[in-house]
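Enquirer: Dropping the structure in here first, questions after.
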Amino acid sequence: MIARALLLATALIAASSAPAVAQTQDAFANRNVIVAPVLRANVQVSGDLVRIGDVIDNAGSAAQIAIYRAPDLGTTGSLPVAQVLNTLRAHHVIGVDTRDLREISVTRLARTLERKDIELQVARALERRNGLGDAANLALTFDRDPGDVRLDSGFSGSPQATIVRYDNRNGRFDVTLEITNENGTAPVKLRFTGTAIETVEAAVLTRNIERNEILKSSDVVVERRPKAEVGTDAATRDRAVGMQARRQLRAAQAIKTADLAKPDLVQRDQNVTLIYETTGIYLTMRGKALDNGTEGDVVSVMNLQSKRTVSGTVIGRGQVSITPVAARPAQTSDAASSLSPAAPVAVATVSSPVAPKAE
């Protein structure tokens with residue numbers, strides 16, 4: 001009986017421990033499984049070195065070992081797979097799954113600052129400094145063309161102007177921009193020098209213009225010119241077209257408001273129409289202008305019928321208005337005498353020395 005009980009207990013213990021033993025065996029098996037490293041077809045790096053962990057997955061403890069120099073900023077290079085495998089073997093990385101690749105590409109990530117962005121940042125730094133105007137009106141000339149500037153992708157901060165110098169006597173500027181790195185390394189500094197001038201939009205002539213000539217739409221274009229050249233009197237294109245030149249102007253010249261005048265509607269020696277208008281009366285007659293005049297000017301005109309010279313106001317092309325002269329008010333005594341009946345007047349006879357005696 002005792003032997004039978006011992007056998008039964010042994011069987012129960014064996015049955016209950018079987019699952020635990022199986023789990024322990026699986027754990028040891030999984031621990032001994034090594035995941036094969038897999039080669040990557042396309043590699044992107046942000047620094048100047050390519051590491052083992054960049055070119056293969058599952059690199060393990062060898063991931064941080066540098067094996068190649070990275071391509072130039074913003075460029076892509078290629079590596080033959082055979083060469084990569086030899087390099088990996090030298091660092092005891094074997095059994096790499098190449099996925100039947102023949103070469104891999106390596107791209108170095110970069111941040112590109114385009115030339116127009118650099119110009120904008122420098123102009124903003126100079127804005128309203130030492131007499132300059134808005135950044136949008138500044139024309140910059142760099143001593144050396146900055147082109148497109150490439151930085152490591154880690155330099156993600158916005159450009160900040162840390163040094164700004166401008167001399168308004170010669171227009172020279174010296175600006176340093178600083179860009180921080182998200183990795184905590186020292187910021188990069190970019191220095192630019194050159195000249196800056198403020199410009200304004202101005203109406204510019206496309207041909208020579210004679211004095212008193214009317215400007216047409218085809219005669220005027222809009223260009224940006226240095227403010228020092230045009231001053232504060234620059235004429236706009238809309239203001240210039242249809243106006244009359246006060247003096248002779250040359251092609252490519254920026255037009256100033258002082259160069260323009262309203263066009264003459266009446267020319268000297270021109271036949272014009274004299275207009276006399278008052279309540280209930282509208283008269284026109286022919287005349288000859290003795291002066292030039294634009295709208296609103298007072299000119300002298302000869303009445304061709306009476307040959308008398310009168311003054312009138314130019315109201316349109318070839319039209320001069322004569323203002324009626326108000327009648328002078330009559331004196332009170334005159335008015336009274338004109339309204340009262342005539343008084344009898346005694347008349348003396350000068351042919352007889354003695355007047356006859358009345359009956």
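All of the numbers you see were taken from the coordinates with simple rules; none came from a lab. Small disclaimer: the values here were computed from a predicted structure and weren't measured. Here Cβ is always computed from backbone atoms with ideal geometry, including for glycine, and neighbour counts include all displayed protein chains.
Enquirer: Run down the aspartates and glutamates and flag those whose C-alpha is under 20 Å from the C-alpha of Lys262, throwing out any fewer than 8 positions away in its chain.
Expert: Hits, sequence-local ones excluded: Glu210, Glu213, Asp219, Asp233, Asp238, Asp291, Glu295, Asp297.
Enquirer: A further question on this structure: Per Stokes-Einstein, at 25 °C and 0.890 mPa s, what whole-number D in µm² s⁻¹ belongs to segment 36-118, with the Kirkwood radius over Cα pairs as the hydrodynamic radius?
Expert: 184 µm²/s
Enquirer: For q values of 0.17, 0.22 Å⁻¹, compute log₁₀ I(q)/I(0) with the Debye formula on a Cα-only model of segment 135-247, without solvent.
Expert: Scattering profile of segment 135-247, log10 relative to I(0): -0.88, -1.16.
Enquirer: Let me ask another. Quick one: what Rg and Dmax do you get for segment 86-175 from the alpha carbons, in Å?
Expert: Cα only, segment 86-175: 22.8, 71 Å (Rg, Dmax).
Enquirer: Figure the gain on full extension for Asp297 and Glu127 (residue separation times 0.36 nm, minus the Cα-Cα span) and round it to one decimal in nm.
Expert: Full-extension gain reported as 56.7 nm.
Enquirer: Give me the number: length gained by fully extending Asn58 to Asn208, i.e. 0.36 nm times residue separation minus the C-alpha to C-alpha distance, one decimal in nm.
Expert: Roughly 46.2 nm would be gained on extension.
Enquirer: Ratio of segment 192-295's C-alpha Rg to 2.2 N^0.38 Å, to two decimals?
Expert: Ratio of Cα Rg to 2.2 N^0.38 Å: 1.53.
Enquirer: Moving on. If you take the beta carbon distance between Arg246 and Arg191 as r and set R0 to 41 Å, what does 1/(1 + (r/R0)^6) give as a FRET efficiency, to the nearest 0.05?
Expert: 0.25
Enquirer: Over segment 103-242, what is the mean sequence separation of C-alpha contacts under 8 Å (at least six apart), divided by residue count, expressed as relative contact order in percent?
Expert: About 20 percent, as a whole number.
Enquirer: Can you pull the one-decimal nm distance between simple spin-label points at Asn181 and Thr279, each 7 Å off the Cα toward Cβ?
Expert: Placing both labels 7 Å along Cα→Cβ, they lie 9.4 nm apart.
Enquirer: Net charge within 13 Å of Ala62 by Cβ-Cβ distance, Lys/Arg positive one each and Asp/Glu negative one each, not counting Ala62 itself?
Expert: Around Ala62, the charge tally is 0.
Enquirer: Next question. In nm, give the distance between the simple-model label positions of Ala261 and Asp167, each being 7 Å from the Cα along the Cα-to-Cβ direction.
Expert: The answer from the label model is 4.5 nm.
Enquirer: While we're on this one: To the nearest Å, what is the center-to-center distance of segment 257-285 and segment 57-136, using C-alpha atoms only?
Expert: So the separation of the two Cα centres works out to 78 Å.
Enquirer: With contacts defined as alpha carbon pairs under 8 Å and 6 or more residues apart, what's the relative contact order of segment 180-301 in percent?
Expert: Dividing the mean separation by the residue count of segment 180-301 yields 20 percent.
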